[in-house]
Structure formats: C-alpha cells, structure tokens
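The values are calculated or read from the model by the stated rules, or taken from the named source; none is laboratory data. The shown structure was predicted, so the numbers you read here are calculated from the model rather than taken from an experiment. FYI the Cβ positions are ideal-geometry reconstructions off the backbone, even for glycines, and counts take in every protein chain you see. These accessible areas exclude ligands, DNA and RNA; they are computed on the full protein's heavy atoms, side chains included. Shrake-Rupley method; radii C 1.70, N 1.55, O 1.52, S 1.80 Å.
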Amino acid sequence: VKGWEMVVQHTFDSGFGLIANATIVDSDAELDNADITQVFAVTGLSDSLNMVAFYEKDAFQARIAYNWRDTFLQSLSQGGGDGVTYVEDYYQWDASASYDITEQVTVFVEGINLTEEYTHSRGRFSNQLLDIVDSGRRISIGVRGSY
C-alpha cells in the first residue's frame, strides 16, 4: 500500500478559515474482478477529499464541511467467488454552530448528511446492486456543560 495525504489549513484574521484534506492511496493487492478464485485483496482503501470552511470569533463558532470518498472494496469472502462487496463513491455535507454562553456552558446545533445522500453497495460488477442505505439527515440541538 502506498499513498499521499495532503492537508492545507489557513485561518484569516477575520476569524474565517479553510481546511482541505486529500488522501490518495494505491495498492498492489487490489481485487481482479475477472478472477473469481482470488482470495486476498486489501479492503477499505480509497481516495478521499474533505473541505471545511469555518468561522471562530469570540464565543461563536460555525463550520460547514464537504466529505467525499471514492469507491472501495468493503469485503471479500475467504472462498473468493461472489462474496464481494464494494461501497460506491459517496459524499455528504455537514454543518455545525455553537455559542459559548459562559466558559462552562455552550449551546449547539449540528447537522450531519444535510442533503440526505444514500450509500450504495454492489457486488463484483457495477450492475450487481446489493444494498442502498438511507441513513437520513441527522440534526442535534443541545447544551454542553463542564465544570
């Protein structure tokens, strides 16, 4: 397995900032979809990209994030054959904001998968749909306290 990870982060004097992260990976142990006798391949490897814009000033913090991951091999049964699962490329948008009422009390709102993207799993070939998962949009509102 070989790869690169690059991260750039900058905060402006205004309180605004940006973070970009890219991971590029490759392996000599990839699955050959034409070889149904193959019993080993590295699972979980894929390229990814994350971009975040944020604002932090005094007691207020906010951020919005875009996260993308390329298609990856999730599992390969020990016997080879048709026990192959790929997770197709996927992206989602997340956002959060918080306000520090005091040094010990913070109120927050957080949204995960704001555009309600689905994940798709497939078998050895792209037309072999296994599963579509709708994890939905998740919104949290709350208060955090520390002492």
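When each of the peptides 31-41, 45-55 is scored by the mean number of other C-beta atoms lying within 10 Å of its residues, the order from highest to lowest reads 45-55, 31-41. A 1.4 Å probe run over region 28-92, with the rest of the protein chains in place, finds 57 Å² accessible per residue. Computed 3J(HN,Hα) for region 105-120, one whole-Hz value per residue from the Karplus formula 6.51 cos²θ - 1.76 cosθ + 1.60 where θ = phi - 60°, is 10, 10, 9, 8, 9, 9, x, 10, 6, 4, 8, 6, 6, 9, 9, 10, glycine and proline marked x. Rounded to the nearest 5, the antiparallel percentage of DSSP beta bridges internal to the chain is 100%. Count the net charge of all other residues whose Cβ sits under 13 Å from the Cβ of Lys57, scoring Lys and Arg as +1 and Asp and Glu as -1. It works out to a net charge of -3.
Counting heavy atoms of the protein chains alone, His120 has an accessible area of about 70 Å² for a 1.4 Å probe. The apolar share of the surface of the chain, taken as the fraction of accessible area on carbon and sulfur atoms (1.4 Å probe, ligands and nucleic acids excluded), comes to 56 percent.
For region 57-130, GluC sites (Glu not before Pro) are listed when DSSP marks them as loop and at most 10 other Cβ atoms sit within 10 Å of their Cβ; the list is Glu103.
Shown is the FRET efficiency for Asp100 and Ile24, computed with R0 = 41 Å from the Cβ-Cβ distance and rounded to the nearest 0.05: 0.65. For region 1-132, the direction-averaged projected area of the alpha-carbon convex hull comes to 10.5 nm².
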